[in-house]
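Heads up, the thing below is written out as structure tokens.
The values are calculated or read from the model by the stated rules, or taken from the named source; none is laboratory data. Just so it is clear, the structure is predicted and the values come from calculations on it, not from any experiment. As a convention, Cβ positions derive from the backbone with ideal geometry for all residues, glycine included, and neighbour counts pool all protein chains shown.
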There are 2 protein chains.
Amino acid sequence: MRPADYLWASMPIPELRIETTRGDLVESVHRVALAVVDAEGRLVASSGDTNLVTWWRSAAKPFQALPLLEDGAADAFQLSDEELALACASHSSEPRHLSVVSAFMAKVGVTEEQLSCGVHTPLSPAVAQEVACGRAVPSPCWSNCSGKHTGMLALARHHGWPLPGYHAAGHPVQQRILEVLTRWTGLPTREIRLSVDGCTAVCFGLPLRAMARSYARLGASTQPAPRRLLGAMSAHPFLVAGTGRLCTDLMLAKPGEIIAKVGAEGIYSAALPRLGLGLALKVEDGDNRAAGMALLEALRQLGARMAPALGELSAPDLARHGSQPIRNTRGVITGELRAAGALRFSAS
Amino acid sequence: MRPADYLWASMPIPELRIETTRGDLVESVHRVALAVVDAEGRLVASSGDTNLVTWWRSAAKPFQALPLLEDGAADAFQLSDEELALACASHSSEPRHLSVVSAFMAKVGVTEEQLSCGVHTPLSPAVAQEVACGRAVPSPCWSNCSGKHTGMLALARHHGWPLPGYHAAGHPVQQRILEVLTRWTGLPTREIRLSVDGCTAVCFGLPLRAMARSYARLGASTQPAPRRLLGAMSAHPFLVAGTGRLCTDLMLAKPGEIIAKVGAEGIYSAALPRLGLGLALKVEDGDNRAAGMALLEALRQLGARMAPALGELSAPDLARHGSQPIRNTRGVITGELRAAGALRFSAS
């Protein structure tokens, strides 16, 4: 490998990346691997290695929630669209999130003690500050994954499966979810890697292309379960993430056009139903801010090439997620945080 | 460029890097460019592009402080070793740092209003929490660069130069410092790039190899000014950084053997005086934690190859800066944060 490929040196890298600049130098770089595919899995656009196998993290949540609808649990418990949205959420632990989780848990008849997800610093900076300063104490239902976990408990109850250990790979809930994944990813079980996620539930590893294809298929599906699930996410963007979060702001700006889901360690996946496309990306170093900027830039470039309406991402609430001037401690602008490089578009 | 070089894909990258793992996959990667050279500039070991031109940030501080000694300002103001250490510091704003800054400023006869550095979140997590929870209010002398700025004011006073604007590129203080840099880096002025640092003072851009060579020369020098400066840093590791900081813990563990200085955006430089070597590294994405781990790993590999005593970095206080298991919200170990890859050693 040539050293110049290893670190960006002084030559521009053509691939999509997020950069910080200071003066006339690029100071830091976040590399982006990205795949945009259609429901048949044909590559439309890319950056870096589209075959990269990595952990899907929370971007798998819609598929982890799908059995609730497919198996009739959502009907049996009379789950609302808000509760379905929360089952797909990496929420910010704001009061409204906690309120919907609470109602969801009550409908399913489970208590916090039965949740396997642990406590963590809330994703909302404001809520995190309350916790840090001793003015609030988080509990398991504050976990950003509490909706997902409540959904898993609902599935277990619905099927009459035991509740304890519902999060573990061998449990029927996780086996059912894995079955759903094989169908939507088009991958055999043996090609879907398993590990333990931050919240202790099963975490899935697969190629970026397969992630993108799953989202393309989900967005293109006419079946009632995916349609209701995506409809719930689109109707309740706040519940899927929270105040000031990119998924929320993006889905508020482009209702129904983009269904976006973040994952830890620099992951995003998105369905673009009107275009019949799915997108998946990974920032190499795991930086979440860079991942959001990469998503916005990819959508802009896709829009410019394929669908002007998609590319109109100038809504004020999206500006804060995009390129920014970098200011020092005296407010002097020293450089910028920006997207750079270009997607490769496949011959069509 | 082959896509597989752009993102790490499934093949191992030989160069030094910091990785996080989850299950059996590498989940995120921080690439490292690194140069180890001797005082003549001969390359001893490397990773990535040793010619990478990047901003030196706070790792330039010893050179920015050197004129205090060379020009007689340290003698004229009767600066203590503590104050010299603080002039080189990116301190954590702990009470002892503030106390030494205060004494330093008093000796020089300057007040906070004359400091150009701005306010920022303290580098000490404990102090930052006090600020975040409204129990403390930082002021300019809390800035991690306040020692450096006080030193610059001291130099201006000593020479009879005007104090206002001492931080700006055209001011005699900054011109004098640039002169010092040309001598130690061996680079002509036109090859040292200038920009504005986070604290508003001048920031220098140069190749990693030149940074490393400067530190090698500094460590090897028998002149009184560098010897006193490095002696001050070595004698007061706490003042150069702070509680739980790698520079401090490293210099406490290896007094006189390693003089290490961190810089923002994934920068470290270090002198290894007994070996006559200097080291400089940059983490591509700017991650500071990864930079510290890369420094430790590079020292370990250098030690294994060249100097066993150097490589003995098993002191308990250093363990927390090295490889760590990654635990999820339930305390389950899901992977690790670790160094990987190897330095290339030049034929000697």
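Just one of the numbered conditions (1) in a helix (DSSP H, G or I); (2) away from chain A (no Cβ under 14 Å); (3) without any contact (Cβ under 8 Å) to a residue 60 or more places away in the chain is not true of B:Glu113: (2). Against the list (1) closer than 23 Å to A:Leu275 by Cα; (2) of a type in the set (S, T, N, Q); (3) in contact with a Lys or Arg (Cβ under 6 Å, 6 or more places away or on another chain), the condition A:Ser195 fails is (1). Looking across A:Gly335, A:Gly331, A:Gly278, one residue alone is surrounded by fewer than 20 Cβ atoms within 10 Å (Cβ to Cβ) and either part of a strand (DSSP E or B) or free of Cβ contacts under 8 Å to residues at least 24 places away in the same chain (or both). It is A:Gly331. Highlighted here are the helices (runs of 4 or more DSSP H) found entirely within the stretch B:204-246 that include at least 1 residues which are aromatic (Phe, Trp, Tyr): B:208-220, B:237-240. Entry remark, the stretch A:259-275: residues being part of a loop (DSSP other than H, G, I, E, B) and surrounded by 24 or more Cβ atoms within 10 Å (Cβ to Cβ) number 1 in total. When B:Arg320, B:Arg289 are checked against the criterion of being under 30 Å from A:Thr200 (Cα atoms) and either away from every other protein chain (no Cβ under 12 Å) or aromatic (Phe, Trp, Tyr) (or both), B:Arg320 stands alone in meeting it. Scanning the stretch A:307-329 for residues that are in contact with a strand residue (DSSP E or B) (Cβ under 9 Å, 6 or more places away or on another chain) and modelled with pLDDT of 85 or more returns A:Gly322, A:Ser323, A:Gln324, A:Pro325, A:Ile326, A:Arg327, A:Asn328.
For the stretch A:123-161, residues that are without any contact (Cβ under 8 Å) to a residue 40 or more places away in the chain and within 18 Å of A:Val101 (Cα to Cα) total 6.
Okay, residues lined up against (1) more than 7 Å from chain A (Cβ to nearest Cβ); (2) at pLDDT 95 or above:
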{"residue": "B:Met11", "(1), (2)": "yes, no"}
{"residue": "B:Val37", "(1), (2)": "yes, yes"}
{"residue": "B:Val44", "(1), (2)": "yes, yes"}
{"residue": "B:Thr54", "(1), (2)": "no, yes"}
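Across the stretch A:20-62, the number of residues qualifying as crowded, with 24+ Cβ neighbours inside 10 Å and of a type in the set (Asp, Glu) comes to 2. The residues listed here are B:Ala212, B:Ala225; of these, the one that is more than 14 Å from chain A (Cβ to nearest Cβ), surrounded by fewer than 20 Cβ atoms within 10 Å (Cβ to Cβ) and touching a residue at least 40 places away in the same chain (Cβ under 8 Å) is B:Ala225.
Residues in the stretch B:172-196 that are among the charged types (D, E, K, R) and either surrounded by 15 or more Cβ atoms within 10 Å (Cβ to Cβ) or not in a helix (DSSP H, G or I) (or both): B:Arg176, B:Arg193. Residues in the stretch B:124-171 that are under 20 Å from B:Phe104 (Cβ atoms), within 14 Å of chain A (Cβ to nearest Cβ) and surrounded by 16 or more Cβ atoms within 10 Å (Cβ to Cβ): 13 in all. Residues considered: B:Val137, B:Val119. Of these, the only one that is under 22 Å from A:Ile333 (Cβ atoms), part of a loop (DSSP other than H, G, I, E, B) and of a type in the set (A, V, I, L, M) is B:Val119. Cβ-Cβ contacts under 6 Å between residues 6 or more apart (or on different chains), taken from a first residue in the stretch A:243-272 that is within 14 Å of another protein chain (Cβ to nearest Cβ) to a second residue that is among the hydroxyl-bearing types (Ser, Thr, Tyr), are listed as A:Gly263/A:Ser58; A:Glu265/B:Ser28.
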